[in-house]
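The block underneath contains the structure these notes are about, expressed in structure tokens.
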Amino acid sequence: MFSGEYVELDGLGLASALKDGKISPIELMRVAIYLAEKRGNALNAVCHRQFHASLDRASKAQLRGTFGAIPFLLKDSGLASRELPSSIGSRLFSSTFFQSDSTLAERFSAAGLMGFARTTVPELCMAPTTEAVENGGPTLNPWDQTRSSGGSSGGAAVAVATGIVPIAHASDGGGSIRIPASCCGVFGLKPSRGLLPMGPARGEGWGGLAVDGVVTRTVRDTAAVLDAVAGSDPGAPYAAPPTPASFLSNLNKPFNRPLRIAKWVTTWNDIAVDPECLAAVNQAEKLLQQLGHEVVEVGAPQLNYDGFVTNLINVLAANAVVAIDGVTRAKKRDKWSNLLEPAILDAYDYGKTLHAEDYVLAIMQFQKISRVMEAFMSGFDLILTPTLTQLPAKLGTLTMEDDFRSFRLRAAKYTTFLAIINASGQPAASVPLYWTESGLPVGIQLIGHFAVEDTILRVSAQLESASAWYKHYSNFKG
């Protein structure tokens, strides 16, 4: 199989070729590594390469699970895997090795997803762009290399958009699946809190804001991954309600009535929304109406956005303290402080000034937002919004050179429609429906009721069929 044939197939397509004997696991791995070296290196999307070991594993691989033995990339988020070290985008955590696998890494492997490297992230995954010093500079947007690929799953979205792999691990604590999915033109679903396992070493991320997932080129690949890996692990503090027997089997099932979808394009504090982002929502509205659904424009739900952003900053800073103290307790500050980018070092220092009350009040507000959002969705099946308020950020405009609070305040104006949904715990997806005349993708977001991923996936599949977004990937010439 040549790289041209490889990139034309999604994950289930590659799995079918394996099952039919048209290709072998090691042949697929060779193509993926070739593309990682060519495209991944050019765009700075891949790190912690384990190419030789992965070729050896692929040569011995037996087909298993949904995907048999297809190439896969883990995000450099610190998700534990004995096969792949991690740095979390930080010189301080450079080449951290793991003695055991996380539950999710085990499930990915059992599903036939073979990790051979990690994808780049910003430091500690705390930015909406991927420009980590640890990785030697920014991860580039494949459609406009003067712009960001998004973050924190920036490398993952680049890898999928450019065909290095059809499916890549991602995670989302404030938009980190949906931001890069929008910037790079791929499908990215943030699952409901508790749907995917986070154990056994931890039970939650960032006060319940963070969840794991994947980015893909096709909706059916995301559905198939969820079928393979969803479900809480023993002792999990959060557990989403039971899922359908199969997201994939339900994907093309018609709805028994038109859906009622709220269109939400206004923001708090009069934060501006780029006309192209609004055009993307309007195009989605027309497609949804052509599909027979009802779309109703509504205003933003009433909540204290400034207070939310402050609480988000507090929770991130507190988590920065825990992470950094975990590896520096016995060391003098001058031995490690220069290994952190300015915003993250400032987050650490700020986090040290926080009180227990600050953290508890933040969690309480997040929980209140869950109530606000469910009340807001009363009478609606989904919410339609822009994914981002602006086109993919120009490189260098959202770097870690600022103090942490100023940095996060600027990020909050870019990701206004996203982190609120991490607080509420609802599922939400960035769908790559719209492309500008210059060839830049602009995502729209679909938000569902808690634990009702099925509706998002089925509507996304309808939109995928109506818009044929897959054709855009052939425009990448790298």
Item to check | Relative compactness, the range 55-183, computed as alpha-carbon Rg over 2.2 N^0.38 Å | outcome: 1.03
Checklist outcome for this item: One finds, for Ser406 and Ala375 with R0 = 25 angstrom and r their Cβ-Cβ distance, a FRET efficiency to the nearest 0.05 of 0.15
Checklist entry - Which order, highest average first, do 156-167, 330-341, 256-267 follow once you tally other Cβ atoms within 10 Å for each residue and take the mean per peptide? => result 156-167, 256-267, 330-341
Checklist entry - Over its Cα atoms, what ratio of radius of gyration to 2.2 N^0.38 Å does the range 367-473 give? => result 1.22
Checklist entry - With each pseudo-label sitting 7 Å past Cα toward Cβ, what's the Val322-Lys286 distance in nm, one decimal? => result 4.7 nm
Next on the checklist: Straight-line reach from Lys332: which lysines fall under 24 Å, measuring Cα to Cα and dropping same-chain residues less than 8 apart?
Outcome noted: Lys352
Checklist outcome for this item: In deg cm²/dmol, rounded to the nearest 500, the helical mean residue ellipticity at 222 nm of the chain, built from -39500 (n - 2.57) for every DSSP H run of length 4 or more, is -11500 deg cm²/dmol
Next on the checklist: Restricting to Cα atoms and excluding each atom paired with itself, what does the Kirkwood estimate give for the range 256-348 in Å?
Outcome noted: 17.5 Å
Next on the checklist: So for each of 469-476, 346-353 I average, over its residues, the number of other beta carbons within 10 Å; can you give me the resulting order with the highest mean first?
Outcome noted: 346-353, 469-476
Next on the checklist: Kirkwood hydrodynamic radius, computed over distinct alpha-carbon pairs, for the chain: how many Å, to one decimal?
Outcome noted: 22.0 Å
Checklist outcome for this item: If Thr129, Thr310 are placed from fewest to most neighbouring beta carbons inside 10 Å, the sequence is Thr310, Thr129
Checklist entry - For Gln145 and Asp306 in the same chain, what is the full-extension length gain: residue separation times 0.36 nm, less their Cα-Cα distance, in nm? => result 54.7 nm
Next on the checklist: My understanding is that a pair violates if its Cα-Cα distance is over 32 Å; which of Lys253/Lys368; Lys190/Lys286; Lys22/Lys394; Lys368/Lys394; Lys75/Lys286 do that in this structure?
Outcome noted: Lys253/Lys368; Lys22/Lys394; Lys368/Lys394; Lys75/Lys286
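Computed from the coordinates by the stated procedures, all read-outs in this text should not be read as laboratory data. Since we're looking at a predicted model, the values are computed, not measured. All Cβ positions, glycine included, derive from the backbone under ideal geometry; neighbour counts span all protein chains shown.
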